[in-house]
Amino acid sequence: MNHVLEVRAVSKSFGANHAVRDVSLNVERGELFALLGPSGCGKTTVLRMIAGFETPDRGDVLLDGKQIAQLKPYERNVSTVFQNYALFPHLTARQNIEFGLRHKGNAIGDLAARTQKVLELVQMLGKEERFPARLSGGEKQRIALARSLAIEPDLLLLDEPLSALDPKLRKRVRGELKDLQRRVGITFIIVTHDQEEAMAMADRVALMNKGILEQMGTPEAIYLRPKTRFVASFLGSVNWRGEYGVRPEVVRISPTAPRNGARSHRAQIHSSLFLGNCFHVEARLEDGTALTAEIPRQDQTYLPGENVHVWWHPDDEIHLPAAS
Amino acid sequence: MNQLRTWFLAPARLLTFGFFLAPLAIVVLYSFLTRGTYGGQGAPFTLENYTRLADPLYLEILVKSFWIAILSTAICLVMGFPLALFIARSGPQWRGTWINLVMLPFWTNFLVRTYAWMFLLRDTGLINTAFQGLGLISQPLPLLYNDGAVILGLVYGYLPFMVLPIFSTLERQDPFLLEAAADLGATPWQTLWRVTVPMAKPGILAGSVLVFIPCLGAYLTPDLMGGGKSIMIGNVVQQQFTSSRDWPFGAALSLVLTALVMVLLWFIMRRGGKELI
Ligand SMILES: Nc1ncnc2c1ncn2[C@@H]1O[C@H](COP(=O)(O)OP(=O)(O)OP(=O)(O)O)[C@@H](O)[C@H]1O
Ligand SMILES: [Mg+2]
């Protein structure tokens, strides 16, 4: 069994608010796991139960096969990078990093060497004598990360690690974080509400909604084979057509009916927007329904009012009953 | 812009001058004058008021006053920090209640409260009569008119000045820092010493200064609870202005005391009290 973490049917309520209901997860050693979902769905609560800041009302949390749900945060070898970084303002960057090492019974020489190593890992050498107030947001995050990495946790938890960064920096840090995770080989669990971020970074994703785990799997698996309409819609847009849906990027448009076994409908172009890498086309089908398509830039341009055929391969349809 | 600034600062300047600098100048002047035969003061200018201070009698009282003030401040800190921590950690709906309770004594005159303590502590007071009634003691305990009683009175009087500044620094502490400490393996006790206390340092310093200074200059408490036996420097100053009718010497004494306090404050600020200002 190679699961570093197993969460078994945990539930947590705050008063009458069922924040997390019957959530089960398993996280494999060395993977980057993303906990994804809309705001308020319970991601942070799950993370806090893994870290030990909340105790589940029901269910088990197993780290390396050992029950930890009732252990205090300082009794588990799990570390969190907080959303606001929570650096100690009265300590320098170096002292922040050493804080955790001192509790693990390290020799002083060893301590300096390890601090040096993690500072190097996060590329913060030379800024270690600064106080947090004198670090930028991105630098604070690196120090928070270094502080957690220094204690060599079995599991590193990151709550919305990119949300406080400006959008330009976000994409770069995303790559750096993934790269760092591969190099250190520590299992990361990242909480995010951004599906693109989750898909781009994670080996596997767990998607939550209203306290419930909707689906868990590789980004491809959950994108291509969603189990519920919520999953399908959260990960990308879908044209729902009764019992099934089609994603805009699988819809094709041509002036004449296609000859292959495609599902084809007559339609009229309603609008066509050039988005740089593609055209965003709204079409109105004969039965009056609207359909969105994303057409490659290389395709022919269509003008509003033009009569066309829209089509797609039946294999690309997502068949899910409306109630799911 | 600059004119506006001048006008806005004018009242503060006037106040500083009228209520602080001008009286101080008068005190400085008096301290160099000679005492009149029937009270009052006048020429010639002299340094005698300062040289008289070298008398071992006054030095002894000064040293003792420092000791009593230091001890009272330390006791206030040991009692006040846990109290401030308790209030800061209690729910927001309770905090106001606790703070009001801490400040409640201010609603009654300090003199009246000191007399209340005397009624409790004296030989025929509540505590001694109760203990004697219960047969626990045969002779009344010497609870009043000693150094211990003075320290008790000072701690009682100035404890709120320790609690309030510490509370205000603790209240502002980010609760995530406590979680971060636990996350990094620190037990609650280690977190207290390595995060909570160091971060409350500005409040601890401010509280200690606010308690220490009035304790050093106290005269009412040592007068009443010390019963004249446990005399502090404040009582000596008071005597010069009242029974001894030696205003110049009183002025010199209080100036020396002020100078000592200022040197001490300067020292504290240099030793990491930059957060204080
Ligand atoms: N300490 C608490 N007391 C009361 N309710 C809470 C507490 N913590 C979380 N909740 C509630 O539990 C639910 C889940 O919250 P949680 O913080 O886990 O959501 P989230 O998925 O992390 O959301 P976001 O993306 O906005 O951070 C929310 O309805 C929230 O209001
Ligand atoms: Mg959250």
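The table below gives the values:
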read-out	value
Subset tally (residues that are closer than 23 Å to A:Arg102 by Cα and surrounded by fewer than 17 Cβ atoms within 10 Å (Cβ to Cβ)) for the stretch A:139-171	2
Matching entry among B:Ala12, B:Ala74, B:Ala84, B:Ala69 (being in a helix (DSSP H, G or I), modelled with pLDDT of 85 or more and loosely packed, with under 10 Cβ neighbours inside 10 Å)	B:Ala12
Hey, B:Arg52 surrounded by 12 or more Cβ atoms within 10 Å (Cβ to Cβ) and modelled with pLDDT of 90 or more or not	no
Residues that are within 14 Å of another protein chain (Cβ to nearest Cβ), of a type in the set (S, T, N, Q) and closer than 18 Å to A:Val27 by Cα, drawn from the stretch A:46-96	A:Asn77, A:Ser79, A:Thr80
Some residue of the stretch A:115-138 being touching a Ser or Thr at 6+ places or on another chain (Cβ under 6 Å), under 28 Å from B:Leu170 (Cβ atoms), surrounded by 15 or more Cβ atoms within 10 Å (Cβ to Cβ) and within 13 Å of chain B (Cβ to nearest Cβ)	yes
Which numbered condition A:Val23 misses (of (1) more than 11 Å from A:Leu157 (Cβ to Cβ); (2) more than 14 Å from ligand 1 (Cβ to nearest atom))	(2)
Of all residues in the stretch A:234-246 being over 29 Å from A:His3 (Cα atoms) and of a type outside the set (Gly, Ala, Ser), the one that is nearest to ligand 1 (Cβ to nearest atom)	A:Val238
Subset tally (residues that are of a type in the set (Val, Ile, Thr), surrounded by 17 or more Cβ atoms within 10 Å (Cβ to Cβ) and more than 21 Å from A:Met208 (Cα to Cα)) for the stretch A:220-277	4
Positions within the stretch B:212-257 being among the β-branched types (Val, Ile, Thr) and either farther than 15 Å from B:Leu62 by Cα or without any contact (Cβ under 8 Å) to a residue 40 or more places away in the chain (or both), in sequence order	B:Thr221, B:Val237, B:Thr242
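Okay, residues lined up against (1) under 18 Å from A:Arg142 (Cα atoms); (2) modelled with pLDDT under 90; (3) within 16 Å of ligand 2 (Cβ to nearest atom); (4) within 14 Å of chain B (Cβ to nearest Cβ):
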position	(1), (2), (3), (4)
A:Leu157	yes, no, yes, yes
A:Glu160	yes, no, yes, yes
A:Gln181	yes, no, no, no
A:Thr187	yes, no, no, no
A:Val191	yes, no, yes, no
A:Gln195	no, no, yes, no
A:Ala200	no, no, no, no
A:Met208	no, no, yes, no
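The values are calculated or read from the model by the stated rules, or taken from the named source; none is laboratory data. These figures come from a predicted structure and were not determined experimentally. Glycine gets a Cβ as well: all are built from the backbone with ideal geometry, and neighbour counts include every protein chain shown.
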